[in-house]
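Let me begin by presenting the structure, written as structure tokens, before commenting on it.
The values are calculated or read from the model by the stated rules, or taken from the named source; none is laboratory data. Since the model is a prediction, treat every value here as computed from it, not as a measurement. Don't worry about glycine lacking a Cβ; one is built from the backbone with ideal geometry, like all the others, and counts go over all protein chains shown. Calculation scope for accessible area: heavy atoms of the full protein, side chains included, ligands and nucleic acids excluded. Shrake-Rupley method; radii C 1.70, N 1.55, O 1.52, S 1.80 Å.
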Amino acid sequence: MRRRCSGAPGRGQLVTLVVVCSALLLRWASADTPPHEGPREGVRLSDAWLEKALLLAAGGSVEEAQSTTAALTRAAAGDIASPPPAGRRKRPPPPQAHSPPPPLLPPSPPPPSPTPPPAKAVPVPAPAGTAGKKKRPPPTFPLSPPPPSPPPSPPPQKGSRKRPPPPGVPPSPPGTPSPPRKPKRLRPPPPELPLAPSPPPPPPPRPPPPPLQQEPDIDWARYPSYAQLSEYLALRVAGSLGRCSLASAGKSVQGRDLWAVTIGDPSGVYYPDPANPDVPFPKARAAYIGVMHGDEKGHISAVLRLIGELCDPLSEPKFAPGGVQDANVTDLLASTVLYVLPLMNPDGYTATQRYNANGVDLNRNFLTSAFPFATPTPADGYALQPGTSSALYNAAADWTDNGGGGSHEPETLAVMSWLAAVRPHVSADLHGGAMVASYALDACDSRGEDLDCPSPEAPLPGYLANVYSMNHPSMRFSWGEMQASRQVAFFNGTTQGATWYPAIGTIADWLHHTYRRHMLTLELHYYKYAMFTADKLNMYATNRASMLRLAGVGGHMGLRALLRDATSGAPLAATVTPQQPGGAWAPEVENGGLVWKMAMPGVTYSGTIMPYDPADTSVSYEPIPYSFVVPYSWDDVLAKVPRANLAIARVFRAVRVGGPAAQASTATASPPQLQQQQQQQQQQSPPPNAPQPPAQQQQQQQ
């Protein structure tokens, strides 16, 4: 720290103050010498100036100070060594009046340190009182280093630290020896063990197997483009090891392919009849069609991921719940072929619009002469309510404005041909904008005035809708909605199309009237395309169980029989006359002699089969009566009964006229226990949560 100097204006005192201040400044500056530099002559010179200043301050004369300075200067030059003080020197007390000055301390011997370099010659200031000479300022010397720090003590050895005595106990005298410690117990060395033989060298690593398939990076939180969708289908089919095949069902207006995926081998067989385990049966068929309306694209991930799971040779465990293989998938694919057309309207999907590129609503473009009513007239289509600008007949106006005027679009013709070739036993058309499973029929007349026209197969179409909705986690709780200023109630998330939303020329009605096949219209999401990310990611998880269960139940529930010549074993054709239930469709006889009829659980179906040989019509056969029932309750079939138990598998062997008739009668007779069970189930009423037939049909049945 620098000190402020002050004093009287006397000459002696002024000189004394100047010298003291200069010495203190030099002393302060010497403290900042870097520690790595050795001792220098500046240390001794600064001490000499300090001694001179103290001598003058104690009352000595200037001549004594000059002589002391000369002696100290010679000592600093190397004649007499003077080490720096060990600590801070205290200022001596002021001298008494007329007391002799205190003698200077002789310099102490230098410490054993390396010999400093020879100091340069330092000019000595002229003595005070020399006339005609100006007093020279004190010379500047190198800064002195700080006193050397003591060497660091060695770290204490382990165990040498002593615990301090507890409070209140006097410490032991320094000479008292510590008690001997208990010797540390040593662990005996382990016994010598025989050396284990060295392991054999590991075999060379096998090269990784080639991947079975490659999956493009599709973010299911976003809607894939048409190019990404096409690439996904191609790679999935290429990696299926022959399980799936990909083909184009046709072209759109703008030339895009309508891709159709076949899951399973259509020519494959299975053996469902335990009485004839060596007789092969053709597989059942189910179909799904997605994105008919281009802006209802929320379910596209469900359709694509269904293809991705079922086309994987290992049943795609990462898509199945819990990450394990699903036995239901393996069992379903062993007996069923699935046909999936994921994108029916690629032009509308690309543009995010409901209609195709020609502005036509494809679900109003399937009207043909097979419909039981005439084509809507322009007068009905443009009729308005009195005094308003609203359409008088909404269904007719919708068809007139958006149905294409009776001409079929390219997408419509392609799907018609595809379904005619596939002939699925059960199918579904996927949409968005509500949460409901709608069943036939969608329109009752050419105006859409009649809202209640059940199918001749009722209540079977409504029961199929319950199969889907009751296996869906949220569709079963859909209660209804407002439609055309009226409240429409849903039953278990199901409704008849005409009762809810009359539509003329739909694909479901076309398949119903033309080929007598059941197709559901499934509304799978409330919002058409502006959906939350979680809803997009969970779309397949929420619909997976329903889609698989509908394909299994709709394709196998009922009669599945083979019609064979009793003599040659050749497949036969037939005409079938049903007896009960009244008004139901007759069983269908396909090429190859397959006789099948979808049936309601607990309902008896009976009739007569008249076989004939299409290659030789001159041969006559005895008629074959049939009678069967699906022996389960409505609730059990919804989710509990395995698929294999739903099929009534039979082999009908037709006997030529004049041959033994016992073969035909024994093949068609039902066991006595089954007949008793049929009678009991006919007397039982359906469960309360089963779809009830409309009031009109109840009156007819009564």
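Quick notes
- Some residue of the stretch 580-588 being crowded, with 20+ Cβ neighbours inside 10 Å and in contact with a Pro (Cβ under 9 Å, 6 or more places away or on another chain): yes
- When each of 560, 564, 517 is tested for being touching a Pro at 6+ places or on another chain (Cβ under 7 Å) and within 26 Å of residue 408 (Cα to Cα), the lone residue that passes is 517.
Residue-by-condition table, conditions (1) among the polar types (S, T, N, Q); (2) surrounded by 13 or more Cβ atoms within 10 Å (Cβ to Cβ); (3) at pLDDT below 95:
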residue: 366; (1), (2), (3): no, yes, no
residue: 369; (1), (2), (3): yes, no, yes
residue: 381; (1), (2), (3): no, yes, yes
residue: 387; (1), (2), (3): no, no, yes
residue: 395; (1), (2), (3): no, yes, yes
residue: 404; (1), (2), (3): no, yes, yes
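- Checked against (1) in contact with a Lys or Arg (Cβ under 8 Å, 6 or more places away or on another chain); (2) under 30 Å from residue 309 (Cα atoms), residue 334 passes all but a single condition, namely (1).
- Breaking point among (1) within 42 Å of the chain's Cα centre (by Cα); (2) over 18 Å from residue 450 (Cβ atoms); (3) not aromatic (Phe, Trp, Tyr), for residue 398: (2)
- Hits in the stretch 500-542 (condition: in a helix (DSSP H, G or I) and open to solvent by 50 Å² or more (accessible area, probe 1.4 Å)): 514, 515, 533, 534, 535, 537, 541
One line per residue, one yes/no per condition, for (1) part of a loop (DSSP other than H, G, I, E, B); (2) over 56 Å from the mean Cα position of the chain (by Cα); (3) free of Cβ contacts under 8 Å to residues at least 24 places away in the same chain:
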site: 579; (1), (2), (3): no, no, no
site: 582; (1), (2), (3): yes, no, yes
site: 585; (1), (2), (3): yes, no, no
site: 595; (1), (2), (3): no, no, no
site: 608; (1), (2), (3): no, no, no
site: 616; (1), (2), (3): yes, yes, yes
site: 625; (1), (2), (3): no, no, no
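- Hits in the stretch 252-267 - residues which are of a type in the set (Ser, Thr, Tyr) and part of a loop (DSSP other than H, G, I, E, B): 252, 267
- Among the residues here, residue 687 does not qualify as assigned to a loop (DSSP other than H, G, I, E, B), open to solvent by less than 60 Å² (accessible area, probe 1.4 Å), modelled with pLDDT under 90 and touching a strand residue (DSSP E or B) at 6+ places or on another chain (Cβ under 8 Å).
- Tally of residues being open to solvent by less than 10 Å² (accessible area, probe 1.4 Å) and of a type in the set (S, T, N, Q) across the stretch 543-571: 2
- Any hit, the stretch 319-329, residues being modelled with pLDDT of 90 or more, out of contact with any Cys (no Cβ under 9 Å at 6 or more places or on another chain), in the same structural domain as residue 448 (by the TED database) and of a type in the set (D, E, K, R): no
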